[in-house]
Structure formats: C-alpha cells, structure tokens
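Presented below is the structure to which this report refers.
The values are calculated or read from the model by the stated rules, or taken from the named source; none is laboratory data. What you see is a predicted model; the values in this text were computed from it and never measured. Because the Cβ atoms are built from the backbone with ideal geometry, glycine has one as well, and the counts that use them run over all protein chains shown.
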Amino acid sequence: MADVLSQSEVESLLSAIDPSSQPHAVIAQRAGDAGLTVYDFKRPERVSKEQMRALHALHEAFSREFGAGLSAMLRTICEVKLISVDQLTYSEFVFSLENPTCFNLIESQGLDGHIILDLNPSIVFPIVDRLLGGGKDTKQLNSPQRPLTEIELRIASRITTLALRALENAWSNICKLQLQVAQIESNPQLVQIVPPNEVVVLVSFEITMAERRGILNLCVPFNTIESQATKLTSDSWLAYKRKSQDPTQKLKVETGLARATVELVVRMATTNLTTADVMGLEKGDVIMTDHKAAIGAEILIEGRPVFRASPGVFKGKKAIRVGAQIKSPKTIVEEQLAKNNKQ
C-alpha cells in the first residue's frame with residue numbers, strides 16, 4: 001500500500017516543480033515584510049485591542065476577589081491567576097474543553113444573552129474532596145474521568161456561586177449583571193448558545209490549591225456584550241468608573257421626582273372572609289378583625305407601609321392624622337447592630 005504524503009511534502013513537491021508556487025508561510029512572511037497584515041477570515045477580530053485591554057483589567061479584579069473568597073471558603077491558600085484574554089470562535093472554544101467537564105450556562109439580566117463558566121475537573125474534584133473533609137494528601141489524588149454526581153454538583157455550585165458574585169462586583173462599574181446558573185452539563189458540545197463561527201471572548205484563569213492546578217474558563221460571546229461595548233474602551237471605562245456626581249443633574253432628578261404622583265392608601269385593618277360571608281353581608285353588619293384600635297391605621301405609599309395614622313374628621317370631612325414612621329426590617333436590624341456596637 002502506498003504511503004500518504006503530508007501537506008508539507010506536497011508543498012515541497014509543488015515548489016520543486018514550479019518555483020513560483022511557494023508555501024503560505026513564506027507568502028505571509030513576505031507580506032509582513034511589505035507592511036501588509038495577514039487576516040484570517042475564520043477568526044475575525046470583532047473586539048478591538050482597547051476593549052481587550054479593558055476586559056483584561058476588569059477580570060484581574062475578579063481574579064483577586066474570587067481567589068480571596070475561595071481561600072476563605074476552603075480554609076487554605078488558593079491563588080486565582082488571569083492567564084489570557086483571547087477572541088476565537090465558539091466552536092474552537094467548545095472543542096478545546098475536556099469531556100466530561102463542569103460546564104455552566106449562565107443567564108444575565110444585564111447582558112443580551114448567555115455566558116459560559118467552565119471549571120476544569122482537575123481542580124473541581126480536589127476542591128470537592130476538601131469540602132467533604134479530605135484534601136490532606138493532594139499529591140495522590142487523581143481526578144476521575146467521569147461527570148460529577150448530584151451531590152458533587154451541589155457542592156461545586158458553591159464555587160460557581162462564589163465566582164458569579166465576584167464577577168458581578170467586577171462588572172458593577174459597567175452594568176448590573178445579575179447572574180444565575182440556568183443549566184449544568186458535563187458534555188460541552190451539548191450546549192449551543194451561539195452559532196459555531198460566532199466570535200467569543202475567552203478569559204482563562206488558573207486556580208492553584210496546594211499542589212493541584214486547574215483552569216477556569218469564562219466564555220463571553222461578542223453579541224452578549226455588544227450593547228456594553230462603548231463602556232469597554234479603556235478611556236471611557238476609567239472615566240465611567242471615576243465619574244463624580246453632577247449637582248445640576250442631581251437637582252433635575254430631585255425636581256422631577258418631587259412632581260411625580262404616587263398612590264396613597266390608608267389601610268384600616270385586614271381580615272379573612274369566605275365568599276359565602278361576603279355574599280351574605282348586609283347594611284349594618286359588623287366585621288370583626290384582630291387589628292387593635294390602639295395601633296391605628298397604616299398609610300401605604302405605592303403599596304409599601306410608611307406611616308401610622310389616626311382616623312378622624314376635619315372640617316366635616318373624613319381625614320387621617322399622620323403619626324410615627326413605620327420602620328423597615330432593614331432599618332431595625334441596622335439600629336440593633338449600632339446599639340450592640342455601642343455596648
């Protein structure tokens with residue numbers, strides 16, 4: 001059976017027959033010498049270099065916060081290092097991943113699409129092992145080549161949640177991401193969020209825990225961040241981050257809000273009645289409630305209780321007297337914390 005020639009051997013034979021037919025590498029080299037740029041139509045560059053630098057700075061902050069949170073959760077030193085920020089096609093990203101892996105499809109209310117958070121099994125299994133009480137001898141631990149079980153997925157979701165919160169904080173100066181996990185797969189080829197030739201931004205991190213290392217990949221399709229592309233340039237991003245409050249704009253907002261109308265409702269009391277009781281009501285019937293008269297009524301503004309009130313009559317018309325402000329649970333907690341700190 002005859003041997004099959006490789007591509008380089010075929011090009012060598014063609015060059016020997018026709019000197020004008022040269023390999024593509026030589027042509028690309030001469031094009032570079034002539035001041036030309038070789039463009040690969042299979043990998044179009046839709047994200048500018050300035051935007052790539054902004055994304056790099058953005059996710060460096062994410063790596064620091066996520067590393068600190070991971071160290072606190074695992075009670076050991078963990079380092080999260082940003083490796084690279086590249087743009088490639090979605091098919092190239094999917095085929096570069098291991099199978100099985102921890103492939104998380106993330107929904108974002110602040111962006112126009114989905115993003116991917118992929119955790120390499122070589123670091124997921126050691127972290128899960130440590131959270132379950134092991135992890136003392138990390139050198140002898142081999143990552144099994146299998147998908148995560150239901151229990152392991154529940155434990156790994158703690159890592160994913162920690163990463164999503166750190167990612168939201170890193171992007172807080174650009175937009176509110178409001179991330180949540182929509183789907184978890186072990187086979188990355190089963191999830192198709194964009195066409196295979198669509199350009200994505202791949203942000204890769206290296207997670208180090210003791211002697212174990214693994215990769216965390218964040219895949220963001222360009223269509224997802226296209227609406228925020230103007231904020232990702234380095235100049236506008238920094239200016240957006242450091243922008244101070246404009247007094248004129250603040251006054252305009254306050255003036256506009258002061259003229260806005262709101263719904264005000266006075267709630268005297270509440271009770272539960274059956275449909276039969278309501279149908280049987282007649283003039284003069286008394287409805288009993290558990291609401292004490294000493295408490296008074298509640299004033300609701302846009303459905304939210306704000307003040308206590310006392311019903312009465314003013315100039316022959318029904319009226320209410322505004323009383324004490326109703327404190328929200330958040331205010332009560334803050335006051336209690338301040339009181340405890342003083343003690």
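A few notes on this one:
Here's the yes/no breakdown for (1) over 22 Å from residue 229 (Cα atoms); (2) surrounded by fewer than 16 Cβ atoms within 10 Å (Cβ to Cβ); (3) without any contact (Cβ under 8 Å) to a residue 40 or more places away in the chain:
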site	(1), (2), (3)
163	yes, no, no
166	no, no, no
170	no, no, no
173	no, yes, no
178	no, yes, no
183	yes, yes, no
188	yes, no, no
205	yes, no, no
209	yes, no, no
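- Restricting region 262-306 to residues that are part of a loop (DSSP other than H, G, I, E, B) and acidic (Asp, Glu), the residue that is surrounded by the fewest Cβ atoms within 10 Å (Cβ to Cβ): 282
- Within region 51-100, being of a type in the set (S, T, N, Q), in contact with a strand residue (DSSP E or B) (Cβ under 6 Å, 6 or more places away or on another chain) and surrounded by 15 or more Cβ atoms within 10 Å (Cβ to Cβ) holds for 63, 71, 87.
- Residue pairs whose Cβ atoms lie under 8 Å apart, separated by 6 or more positions or on different chains, with the first residue in region 274-300 and on the phi > 0 side of the Ramachandran plot and the second surrounded by 10 or more Cβ atoms within 10 Å (Cβ to Cβ) and hydrophobic (A, V, I, L, M, F, W, C), are 296/309.
- Here residue 335 meets the list (1) closer than 14 Å to residue 266 by Cβ; (2) of a type in the set (Asp, Glu); (3) free of Cβ contacts under 8 Å to residues at least 24 places away in the same chain almost entirely, failing just condition (1).
- When the test is whether a residue is at pLDDT 85 or above and loosely packed, with under 12 Cβ neighbours inside 10 Å, residue 323 does not pass it.
- Complete set of residues in region 107-137 that are within 19 Å of residue 71 (Cβ to Cβ), touching a residue at least 24 places away in the same chain (Cβ under 8 Å) and surrounded by fewer than 19 Cβ atoms within 10 Å (Cβ to Cβ): 122, 131
- Residue check, residue 307 in contact with a strand residue (DSSP E or B) (Cβ under 6 Å, 6 or more places away or on another chain) and either modelled with pLDDT of 85 or more or closer than 28 Å to residue 171 by Cα (or both): yes
- Candidate set: region 166-217, residues that are acidic (Asp, Glu) and not in a loop (DSSP other than H, G, I, E, B); chosen: the one nearest to residue 150 (Cα to Cα): 185
This table checks each residue for (1) outside the structural domain of residue 188 (by TED's automatic domain parsing); (2) at pLDDT below 85; (3) under 42 Å from the mean Cα position of the chain (by Cα).
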position	(1), (2), (3)
3	yes, yes, no
13	yes, yes, no
40	yes, yes, yes
44	yes, yes, yes
60	no, no, yes
81	no, no, yes
86	no, no, yes
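- Filtered residue count, region 145-159, keeping only those that are outside any helix (DSSP H, G or I) and either in contact with a strand residue (DSSP E or B) (Cβ under 7 Å, 6 or more places away or on another chain) or not β-branched (Val, Ile, Thr) (or both): 4
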